[in-house]
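Colleague: If you scroll down you'll find the structure; I have some questions about it.
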Amino acid sequence: MQRTGGRAVLGLRKGTVELMSHQPEWRFAFVAERNRLSDAIGLDKYRVEHIGSTSVPGLPAKPVLDMAVLVRERELMPALKSALTSKGYIDRGDKGQNGGHLFVFEESVEVRTIHLHALHYGDPQWLAYLRFRDSLRSDGSLRDEYARLKVCLANAMPNDRAAYTAGKNDFIQRVLKAIQE
């Protein structure tokens with residue numbers, strides 16, 4: 001786990017679920033990682049956003065940064081893959097509608113610190129990530145409801161991240177549907 005001042009900031013063993021209270025350092029970790037990638041990927045060709053629970057102040061989260069990269073032109077994906085793998089990311093392949101092309105960064109074997117989702121321009125998942133994040137940031141009661149769900153799921157399935165993630169899906173879809181209405 002990456003640490004700041006003796007306190008754990010990022011890192012979670014693959015497949016497990018552990019929530020932490022929101023850490024202000026997560027915002028700084030995102031900015032540092034975006035800056036680290038800036039020269040490699042060229043931010044004029046890509047847009048990088050901090051998504052997921054670590055991007056929402058006041059929301060408990062797994063200590064893993066979620067980032068989304070918008071690939072402005074399809075032909076830029078091979079260059080992005082090359083740049084990310086040169087920076088230590090592991091290419092986990094195209095997850096399609098379940099998050100785009102996934103790259104992970106591990107602090108050590110099996111301890112993930114970053115999930116990076118690369119999406120093509122026009123992919124509806126890009127807007128879904130941003131709209132869900134922004135809804136949680138702006139609506140305290142919605143954020144609290146989501147926090148309660150996350151804690152309940154994490155307590156029920158601490159060693160089954162896939163089930164934890166699936167358990168959040170109905171809530172996420174309900175929020176996204178309400179935004180579109």
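Colleague: Would you mind classifying the range 69-139 by shape? Square roots of the alpha carbon gyration tensor eigenvalues, ordered a ≥ b ≥ c; an a/c under 1.5 is rounded, otherwise it is prolate if a/b is larger than b/c and oblate if not.
Modeller: In terms of gyration-tensor shape, oblate.
Colleague: Let me ask another. Given the rule -39500 (n - 2.57) for each run of at least 4 DSSP H residues, summed and divided by the residues of the chain, what is its mean residue ellipticity at 222 nm, to the nearest 500 deg cm²/dmol?
Modeller: Roughly -14500 deg cm²/dmol at 222 nm, from the helical runs in the chain.
Colleague: Another question, if that's okay. If the viscosity is 0.692 mPa s and the temperature 37 °C, what Stokes-Einstein diffusion coefficient in µm²/s follows for the chain when Rh is the Kirkwood radius over Cα pairs?
Modeller: Details: Rh = 16.8 Å.
The diffusion coefficient I find is 196 µm²/s.
Colleague: A further question follows. Considering only protein heavy atoms and a 1.4 Å probe, what is the carbon-and-sulfur percentage of the accessible area of the range 1-89?
Modeller: Answer for the range 1-89: carbon and sulfur cover 48 percent of the accessible area.
Colleague: Take the chain, connect every pair of alpha-carbon atoms lying under 10 Å apart with a spring to form a Gaussian network, then pick out the residue of A79, A163, A29 with the largest mean-square fluctuation.
Modeller: A79
Colleague: Excluding residues on the same chain fewer than 8 positions from K150, give the lysines whose Cα lies under 23 Å from its Cα.
Modeller: List returned: K14, K62, K95, K168, K177.
Colleague: Taking 25 Å as R0, compute the FRET efficiency from the Cβ-Cβ separation of K95 and K45 and round it to 0.05. Show your work: numbers first, answer last.
Modeller: Values: r = 22 Å, r/R0 = 0.87.
FRET efficiency, K95 to K45: 0.70.
Colleague: So for the chain, taking the charge dipole from beta-carbon charges (+1 Lys/Arg, -1 Asp/Glu), which of S141, V56, P158 sits furthest toward the positive end?
Modeller: P158
The values are calculated or read from the model by the stated rules, or taken from the named source; none is laboratory data. Only a predicted model underlies this, so the values are computations on that prediction, with no experimental measurement involved. Because the Cβ atoms are built from the backbone with ideal geometry, glycine has one as well, and the counts that use them run over all protein chains shown. Side chains included, ligands, DNA and RNA excluded: accessible areas come from the protein's heavy atoms. Shrake-Rupley method; radii C 1.70, N 1.55, O 1.52, S 1.80 Å.
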